[in-house]
Each structure stands twice: as C-alpha cells, then as structure tokens.
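Nothing in this text is a laboratory measurement; each read-out follows from the coordinates by a stated rule. Please read these numbers as outputs of a predicted model, since none were measured by experiment. All Cβ positions, even for glycine, are placed from backbone atoms using ideal geometry, and neighbour counts span all protein chains on display.
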Amino acid sequence: MSTSPSGARIQGDDFQHLFAWYQALRLLIPGSDVALIEIESADAGNVDDVVVRQRTGPDEYIQVKYSVDASRPITSDWFTTADGPKGRSPLQRFVASWRLLKAKGKLPALTLFTNRVLDPEDPILRLRDGLRATVGQRLQAEAPASRARKQLGRWAKHAEVSESELIELLSNLGMKTDQGAWTGLLEATRDRMGFLGLKTTDVDAESGVTTIRSWVKGGVRTVDPEQLQGQIELRGLRAGESYVTLLVEAIDHAPWPEAAQARLDWVNLFVGTEPRARRQLHDPSGWSSKLRPELVDAARSLVGSGGSRVVVRGYMRLPLWFLCGVELPDTRGHHVACVQRGQRWTSETAAGEFALVEKTTNLGQGKEIAIGLSVTNAISADVVDYCTRGALPVSSYIDISPAAGVGSSAIPDGAAGKSWAVAVRDAVRRAVRNHDSRRVHLFMSGPAGGALLLGHVWNRVGPTLVYEDLSPGYTPTFEIPG
C-alpha cells in the first residue's frame, strides 16, 4: 500500500518534530554544552530544520530528510538533482548555506540527517569515515585521476564552486544516513527522557512532537532550558526516577548511539560481514581478555554516574545479553531492563511461579555439568552431541525447558521473563548441589530479555562457562567466576 503525498508530508513533519524534541532534551543533560535549540531557524539558509547553539563548540546545523520507504537512497544523483525546473539541488543548497554561515565568522558543523540509506558504491560517498561521517578528508587524499576526484570535479561544476571549497564543505558536512525507522528514534527519545527522570511511554515521547508542533505553529523558533522545563511540567512528564542506557554493538551497529550513557562498539572484532554471520571473535581469547573487562568498566562508569537503573540495548547474541545482566547484578542493587517484542522487560517486576521441566542425560565424562536452556528452540540433541564430540568434562547434561512447551511465545512477557530467570537459577543451583559439580557449562536458546534477567540473578551458582551457538556447533565464550 503506497503512502499519499499528504501522508508522506505528515510522516516527515512528525519525524522532524520528534527529532527536534530529541535534540531539545540535550538542554537538560548535566554538563551539556548546548545553550539553545532553534527550530526552523530564520538565518540558517537551507540547513534550518534544527540548529543546536553551543556555548563553546561549533553550532550544529541539521537538515532532516525523511523517506517513507527505501526506494530512493542517497546517491550522487540525489545530491545533484534539482527539486523542480526552477529549483536547486541538495548540493547547491548545502554550498549556499555553507557560504552564508561561514561568512558569519564561526565555522559551522553541517549535518544531513536522514533515514535513507547511503549508496556504498558511489565514488565519493563510499569515502565517508566512521568517526565524523564526513567524506572531505579522505577525498582530499584521493589521486587526481581517481573516480572520486573526477566525480568531485563534476560536483564542483554543478554547484559552481571550486574543488577546494567543496572539499572544505564536505569535510564539515556530516552525512548521518541509515538512521532507521520512526520506532528507533522513538526508543532513543525514550532513553533520553528516562535519563532525565521523565516518563518514558511511547505516548510520553510522542508528546514531544506535539510540543514542537505547537512551538512551530506559534512562531517560537528559539528554545532555552526554562521553556523546555515549562513544557515538561505543563504536560505532566516528570517521573522522578531516572535510568541510564548501556548500548552494546556486537553483531551490528545501532542507530542513535548518542542516546546512551555508555557505549561498547565491538562489531569489527567479530568474524563475518553481516550480522547473522557474526558469532565468533577474530581472536577467541577476546571474550575474556577484552569484552568482559570493557563491560565491567562500562558498568562501573554507569554506577559512578549514579545509574543503578540500566536499560540495555543494542545488537548482540545471548551470551552478551547474559553477561550484561551478570555485570549489573541484583546483588549490587542494580535494576536492568530491555525492550523485548515492543515490551519493556525489567528486573523490577516481582517474580512469580514458573513451571519447568528438567531432563537429565548421563554422559560420565567428568565432574562438571552442562545446562541447556531450551526456550525458543529445543537444543538437547545438539548440546549432547557437542559435549560428546568435544569430550567436555561433564557428568551429565540437564535440559531445562518451560513446562508449557518450547517456542517463540514460551516466555510471553516481562513478568514471565523475570519468573523464568529466578526459576532457572534455582534449578541450576539444585543441579550443582546434586551433582557436586565444579563448574557449569551453559547453553541457551531463548529471548534476549530472558538472558539479561537470568544473568542479573545469576549468583551462588558456581563458575559458569557460557557458550555461543555457531549453527552448527558451539564455541566457549567467557567464564563467570563462582
């Protein structure tokens, strides 16, 4: 079903207004350099959607481009195609804005912010660096006869600007593309509101859209902290309790990383060129020598900032979700939460009864035990095969599954997730005692939220070695001390 032109405009306005609200919240972040936020600024040329005025750093001029689908990526043609017979292209508009703002005497920071994807094959755009999202610095280093420099000449001719000035612009134009859907921006906004002690439902976050729209309709262009606080009180957004966000990027990068108070980027440490292939580290020793120590440091930094309530988000597999819970434990007074199937699963939910089924397979290979958590999928046969082929030093394999059956809805919500985690921990404690085990080998198939909550309550169990599913087979990751 296609979106009508008016529907596309409404979606675009809502996205831009939510983005403006997300930026306006920076006014209240402790230690922030942001002094004012301008919406549809009167003197910013064509980069006027959101202007962030900073006390010491360069002002940020952000142009927001929203697309209802992925049919038109950011390409060279997009940059150089006018929006009508008498219109100008995006590149021409950026050049005009750059000259206007530069003439004011303070070098600006321009940003193209869009949910459109970037063409990775384009000679110039493929040079975007991972730190500032600009292309100018790498473009400057290209050989004169390269495809990129030839395209630069065409761009310069189109925009009627010298190549050196265009490179200067492209060194200060951040191309933040691939920024994900409305839901991603909504989640990031909720995170930032939660950090500020505000209410965090979708409705609360979307109230920011209403706030920005009312300011735009009323001709309010500049917003300061006092105005923002006034709207927060007017709309009843104050919650009293705050939380911090831990972002872990293991199998893929996540949009909106700046919404997190602590970020761990491990994507390049994993083997594989796409998320589903990233299961093992280039250096397997890194599970214990790098990943776990860095997560421990991140947890300490959150504690140091007063964050005992932590929302964990990002793209990672079950062992790392489990480790996040382990390093933010219930025993140190932490509360953890994550978004699972659109719901917030949190350790603050009281645990109830959760019926489990335990099935034991005797292996007689040592004095340790293997535990398999069959929730989403039944993993007993695969784990027993792995233990046998690898001669793991285990006396028994114990498969633990929900009594109601294995499947994607075996743990239906956060309350059941907390109850399942506590029930599993208690079951493993009993198994360790009954088998006089020296160590637990842990295999999992289940929801990320369940792994997080299980790690959170994983204490008085004993040394635990956690395994990653390689499909087929498994590989050991990190070991949790007893």
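Give me the distance between the Cα centres of the range 103-125 and the range 334-367, rounded to whole Å.
45 Å
Using θ = phi - 60° and the Karplus curve 6.51 cos²θ - 1.76 cosθ + 1.60, what whole-Hz ³J(HN,Hα) does each residue of the range 90-99 get, with Gly and Pro shown as x?
Residue by residue, the range 90-99 yields x, 5, 4, 5, 5, 4, 4, 5, 4, 5 Hz.
Where in the range 28-68 does the label zone of VAL216 land, with the point 7 angstrom along Cα→C-beta and an amide N cut-off under 19 Å?
Correct set: 37-53, 61-68.
Using the 2.2 N^0.38 Å rule of thumb for compact globular proteins, work out how the range 208-299 stacks up: its C-alpha Rg over that value, please.
Details: Rg = 20.3 Å, N = 92, 2.2 N^0.38 = 12.3 Å.
The range 208-299 yields a ratio of 1.66.
Could you tell me the distance between the Cα centroids of the range 265-317 and the range 408-482, to the nearest Å?
What the calculation gives is 18 Å, centre to centre.
Taking 4 °C and 1.567 mPa s as the conditions, I'd like the Stokes-Einstein D for the range 244-341 in µm²/s, using the Kirkwood hydrodynamic radius from alpha carbon pairs. Display every interim value, and only then the final one.
Values: Rh = 13.7 Å.
Taking Rh from Cα pairs, D becomes 95 µm²/s.
Count the net charge of all other residues whose Cβ sits under 10 Å from the Cβ of SER437, scoring Lys and Arg as +1 and Asp and Glu as -1.
Working: positive: LYS367, ARG433, ARG438, ARG439; negative: GLU368, ASP436.
Result for the neighbourhood of SER437: +2.
Which entries of LYS86/LYS150; LYS65/LYS150; LYS199/LYS290; LYS65/LYS86; LYS86/LYS157; LYS290/LYS359 show an alpha-carbon separation above 25 angstrom in the structure shown?
Numbers: LYS86/LYS150 27 Å; LYS65/LYS150 27 Å; LYS199/LYS290 36 Å; LYS65/LYS86 20 Å; LYS86/LYS157 18 Å; LYS290/LYS359 35 Å.
As for pairs spanning more than 25 Å Cα to Cα, those are LYS86/LYS150; LYS65/LYS150; LYS199/LYS290; LYS290/LYS359.
Based on the mean of other Cβ atoms within 10 Å per residue, sort peptides 89-99, 141-151 so the most packed one is first.
Details: 89-99: 19.9, 141-151: 13.4.
Descending packing order for the listed peptides: 89-99, 141-151.
Place a point 7 Å from the Cα of GLN229 along the Cα-to-Cβ direction; which residues of the range 31-62 have their backbone N under 14 Å from it?
Once the point is set 7 Å along Cα→Cβ of GLN229, 31 turn out to lie under 14 Å by backbone N, inside the range 31-62.
Run the numbers for GLU274 and ARG138: contour at 0.36 nm per residue of separation, minus the present Cα-Cα distance, in nm. Write down the numbers at each step before the final one.
On the way: separation 136, 0.36 × 136 = 48.96 nm, distance 2.46 nm.
Stretched fully, the GLU274-ARG138 segment lengthens by 46.5 nm.
Amide H neighbours of VAL336 under 5 Å, at least 5 residues apart or on other chains, H built in the peptide plane: list them.
VAL310, SER347, GLU348
Taking 35 Å as R0, compute the FRET efficiency from the Cβ-Cβ separation of GLU294 and ALA391 and round it to 0.05.
Working: r = 32 Å, r/R0 = 0.92.
Once the sixth-power term is evaluated, E becomes 0.65.
What does DSSP give for the chain in terms of the percent of beta bridges that are antiparallel, rounded to the nearest 5?
On the way: 29 of 68 bridges.
Here the antiparallel bridges make up roughly 45 percent for the chain.
Return LYS199, LYS157, LYS217 ranked ascending by Cβ neighbour count within 10 Å, so the fewest neighbours appear first.
On the way: LYS199 19, LYS157 11, LYS217 8.
By the 10 Å Cβ count, ascending: LYS217, LYS157, LYS199.
Put a dot 7 Å past each Cα toward the Cβ at THR3 and SER471; how far apart are the dots in nm?
Those two pseudo-labels are separated by 3.0 nm.
Could you pull the Rg and Dmax for the range 198-250, using just the Cα atoms, both in Å?
Cα radius of gyration and Dmax of the range 198-250 are 13.7, 44 Å respectively.
Neighbour counts of other C-beta atoms within 10 Å: give me THR134, THR477 arranged from fewest to most.
On the way: THR134 21, THR477 25.
Ascending number of Cβ neighbours within 10 Å: THR134, THR477.
Set the Förster radius R0 to 41 Å, insert the Cβ-Cβ distance between THR56 and THR183 as r into 1/(1 + (r/R0)^6), and round the FRET efficiency to 0.05.
Working: r = 34 Å, r/R0 = 0.83.
That pair, THR56 with THR183, gives E of 0.75.
Give the dimensionless ratio obtained when the Cα radius of gyration of the range 29-72 is divided by 2.2 N^0.38 Å. Please report the intermediate quantities before stating the final value.
Numbers: Rg = 13.2 Å, N = 44, 2.2 N^0.38 = 9.3 Å.
The reported ratio for this selection is 1.43.
For GLU163 and ARG332 in the same chain, what is the full-extension length gain: residue separation times 0.36 nm, less their Cα-Cα distance, in nm? List each step's numbers first, then the result.
Values: separation 169, 0.36 × 169 = 60.84 nm, distance 5.77 nm.
Full-extension gain reported as 55.1 nm.
Taking amide H atoms as placed 1.01 Å from N in the peptide plane, list the residues 5 or more away in sequence, or in a different chain, whose amide H sits under 5 Å from that of VAL357.
SER401, ALA403
Rounded to whole Å and sorted largest first, what semi-axes of the equivalent ellipsoid does the C-alpha gyration tensor of the range 306-404 yield via the square root of 5 times each eigenvalue? Don't jump to the answer; show the numbers that get you there.
Details: eigenvalues 187, 51, 38 Å².
Over the Cα atoms of the range 306-404, the ellipsoid semi-axes are 31, 16, 14 Å.
I need two numbers for the chain: Rg to one decimal and Dmax as a whole number, Cα atoms only, in Å.
Using the Cα atoms of the chain, the pair Rg, Dmax is 25.9, 81 Å.
Restricting to DSSP H runs of at least four residues, report the calculated mean residue ellipticity at 222 nm for the chain, -39500 (n - 2.57) per run over all residues, nearest 500 deg cm²/dmol. Working shown, then result.
Working: 14 runs with 167 residues, N = 482.
Taken over the chain, the calculation gives -10500 deg cm²/dmol.
Would you mind checking the tilt of helix 318-327 against the longest principal axis of the Cα atoms of the chain, expressed as 0 to 90 degrees and rounded to 10?
Once rounded, one gets 90 degrees.
Measure out, as a whole number of angstrom, how far apart the alpha-carbon centroids of the range 151-214 and the range 233-251 sit.
For the range 151-214 versus the range 233-251, the Cα centre distance is 20 Å.
Can you check what the Kirkwood hydrodynamic radius comes to for the range 69-165, Cα pairs only, in Å to one decimal? Let's see the in-between values first.
Details: mean 1/r = 0.0688 Å⁻¹.
The answer is 14.5 Å.
Hey, what's the Kirkwood Rh for the range 5-176 if you take every pair of different alpha carbons, in angstrom?
Details: mean 1/r = 0.0590 Å⁻¹.
Final number for the Kirkwood radius of the range 5-176 is 16.9 Å.
Compute the length gained on full extension between ALA378 and SER408: take 0.36 nm times their separation in residues and subtract their Cα-Cα distance, giving the result in nm to one decimal.
Details: separation 30, 0.36 × 30 = 10.80 nm, distance 1.11 nm.
My answer for the length gained is 9.7 nm.
How high is the FRET efficiency between SER285 and HIS253 when r is their beta carbon distance and R₀ equals 25 Å, given to the nearest 0.05?
Values: r = 24 Å, r/R0 = 0.95.
Once the sixth-power term is evaluated, E becomes 0.55.
What share of the DSSP beta bridges in the range 244-341 is antiparallel, in percent to the nearest 5?
Details: 2 of 15 bridges.
Close to 15 percent.
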